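Asks: Take this structure first; my questions come after.
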Amino acid sequence: MAERENRRDRRERDETPEFADRLVAINRVSKTVKGGKRFGFAALVVVGDQRGRVGFGKGKAKEVPEAIRKATEQAKRQMIRVPLRDGRTLHHDIEGRHGAGKVVMRTAVPGTGIIAGGPMRAVFEMLGLQDVVAKSLGSQNPYNMIRATIDGLKKEGSPRQVAQRRGKKVADILKKPEAEAVEA
């Protein structure tokens with residue numbers, strides 16, 4: 001009896017999605033063969049838990065739903081954790097690059113919202129950011145924009161991580177330079 005309840009709990013946990021996903025792009029490609037054209041589809045999906053974890057994936061298949069499923073599975077495998085300030089914005093301004101794609105992401109005050117273009121907006125929404133200002137410079141290709149955004153987010157560091165790396169206290173890291181000049 002207990003085994004059956006345990007199985008049902010596991011099945012319910014699997015059915016309740018802990019991750020949200022966003023379809024960013026679908027690309028239809030065709031191959032000309034003797035009998036006509038064969039179509040295939042490529043999907044680009046961003047997945048996140050909206051609490052600091054995000055990933056992206058691409059999937060290719062003969063049918064759109066299968067391509068989306070493959071992309072979602074790949075995205076769940078490639079998730080990264082990003083530290084957020086107050087669970088709503090970035091700790092500091094960052095820049096990300098991939099190929100010809102370059103993105104600049106800046107922290108924002110509460111109430112700003114997500115000011116970013118299509119693929120970047122999807123990453124920020126799935127990550128759980130509420131206030132961020134971002135600009136894409138260079139490539140307009142959604143694949144490169146997402147990769148550049150993820151590259152920048154990997155560089156994001158929290159004050160706790162910086163303090164640990166330097167062997168200092170978090171208060172020393174967050175102290176303003178003007179305050180240090182007044183103390184001296």
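Computed from the coordinates by the stated procedures, all read-outs in this text should not be read as laboratory data. All of these numbers come straight from a predicted model, not from anything done at the bench. Cβ atoms come from the backbone with ideal geometry, glycine included; neighbour counts cover every protein chain shown.
Asks: Helix 64-77 versus the longest principal axis of the chain: what angle, 0 to 90°, nearest 10, using Cα atoms?
Replies: 30 degrees
Asks: OK, next. With +1 on each Lys and Arg Cβ and -1 on each Asp and Glu Cβ, and nothing else charged, work out how big the dipole of the chain is about its Cα centre, in Debye to the nearest 20.
Replies: Working: 39 positive and 23 negative charges, 201 e Å.
Dipole size: approximately 960 debye.
Asks: With n ≥ 4 as the cut-off for DSSP H runs, can you work out [θ] at 222 nm for the chain, using -39500 (n - 2.57) per run divided by the number of residues, rounded to the nearest 500? All intermediate terms of the calculation are to be shown ahead of the outcome.
Replies: On the way: 7 runs with 72 residues, N = 184.
Using -39500 (n - 2.57) per qualifying helix, the result is -11500 deg cm²/dmol.
Asks: Under 5 Å between amide H atoms, partner at least 5 residues away or on a different chain: which partners does residue 24 have, H built in plane at 1.01 Å?
Replies: Those qualifying (amide H under 5 Å, at least 5 residues apart or on another chain) are 44, 45, 46.
Asks: Just for the chain, what percent of DSSP beta bridges are antiparallel, to the closest 5?
Replies: Values: 36 of 38 bridges.
Of all bridge pairs located within the chain, approximately 95 percent are antiparallel.
Asks: Right, here's the next one. How would you rank 164-174, 61-71, highest first, on the average number of other Cβ atoms within 10 Å across their residues?
Replies: On the way: 164-174: 11.5, 61-71: 16.3.
Ranked by mean Cβ neighbours within 10 Å, highest first: 61-71, 164-174.
Asks: Using Cα centres only, tell me the gap between segment 31-47 and segment 63-135 in whole Å.
Replies: 27 Å
Asks: Can you tell me how the chain classifies by the Cα gyration tensor, rounded, prolate or oblate, using a/c under 1.5 as the rounded cut?
Replies: Details: a/c = 2.96, a/b = 1.49, b/c = 1.98.
The shape class here is oblate.
Asks: Now for a separate question. Using only alpha carbon pairs under 8 Å that are at least six residues apart, calculate the relative contact order of the chain and give it in whole percent.
Replies: So the answer I get is 17 percent.
Asks: State the answer as a single residue: which of 149, 74, 137 lies farthest towards the positive end of the charge dipole of the chain, with beta carbon charges of +1 for Lys and Arg and -1 for Asp and Glu, about the Cα centre.
Replies: Of the candidates, 74 comes out farthest on the positive side.
Asks: Expressed as a rounded percentage, what relative contact order does segment 82-183 have, with Cα pairs under 8 Å and six or more residues apart?
Replies: It rounds to 31 percent for segment 82-183.
Asks: Within the set 135/176; 31/62; 154/175; 102/176, which residue pairs have Cα atoms separated by over 19 Å? All intermediate terms of the calculation are to be shown ahead of the outcome.
Replies: Details: 135/176 28 Å; 31/62 11 Å; 154/175 24 Å; 102/176 30 Å.
With Cα atoms farther than 19 Å apart: 135/176; 154/175; 102/176.
Asks: Now for a different question. Highest mean first, how do 138-144, 28-34 rank when packing is the count of other Cβ atoms within 10 Å averaged over residues?
Replies: Working: 138-144: 17.3, 28-34: 8.1.
Ranking, from highest mean packing down: 138-144, 28-34.
Asks: Check cross-link reach from residue 58 to the lysines: straight Cα distance under 17 Å, and skip same-chain residues fewer than eight apart.
Replies: Cα-Cα hits under 17 Å: 70, 76.
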